[in-house]
Amino acid sequence: MKHYIRHKAALFIKLGSDIYRKGDFFSMPSADLSAEILNSITNGCQQILAGSGFTRETPFTSLSISDLYDLMEMFHFHPILQQAQLGKDFIMDEIEFRHRVEHEDTVTVFNKLPRKKAAQ
């Protein structure tokens, strides 16, 4: 599945959202997404092409959980299991996604975000 996702990410970067959508089975990403969400999807695709997201050692960074869900939705995946590990100054999410059509196909991604400090 990682190769499939890398291929789709490369197509999205090469074609842009409008042309990519025309060739996508589910017409993703949705035409009504904001520019901010499309920028986050582009960021996620660039991180995939750089080798990030699929291991704990090289997680996605700078994506919110919502951004990550939007990114994976574009590839026709939905979340089935999410776990979080709290570090001293970070949160590492491990999320398993299942393909919407090929139900036996799953992929696990990792997302690392800085942990927000409590207001004093």
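The values are calculated or read from the model by the stated rules, or taken from the named source; none is laboratory data. All values derive from a computational prediction rather than experimental measurement. Note: ideal-geometry Cβ built from the backbone for every residue, glycine included; neighbour counts use all protein chains shown. For accessibility, only protein heavy atoms count, side chains too; no ligands or nucleic acids. Shrake-Rupley method; radii C 1.70, N 1.55, O 1.52, S 1.80 Å.
Evaluate the following for Phe90: is it open to solvent by less than 50 Å² (accessible area, probe 1.4 Å), at pLDDT 95 or above and of a type in the set (A, V, I, L, M, F, W, C)? So Phe90 does not fit the description; no. If you go through the stretch 60-107 and keep only what is among the charged types (D, E, K, R) and without any contact (Cβ under 8 Å) to a residue 24 or more places away in the chain, you end up with Glu96, Arg98, Glu102, Glu104.
Is there a residue being part of a strand (DSSP E or B) and either in contact (Cβ under 8 Å) with a residue 40 or more places away in the chain or open to solvent by 30 Å² or more (accessible area, probe 1.4 Å) (or both) anywhere in the stretch 34-46?
Of the residues in the stretch 34-46, the ones part of a strand (DSSP E or B) are none.
Checked against the condition, which is being part of a strand (DSSP E or B) and either in contact (Cβ under 8 Å) with a residue 40 or more places away in the chain or open to solvent by 30 Å² or more (accessible area, probe 1.4 Å) (or both), the stretch 34-46 yields no hits at all.
Given the structure, is Ala50 open to solvent by 30 Å² or more (accessible area, probe 1.4 Å) and at pLDDT 95 or above?
Values: open to solvent by 30 Å² or more (accessible area, probe 1.4 Å): yes; at pLDDT 95 or above: yes.
Against the criterion (open to solvent by 30 Å² or more (accessible area, probe 1.4 Å) and at pLDDT 95 or above), Ala50 qualifies.
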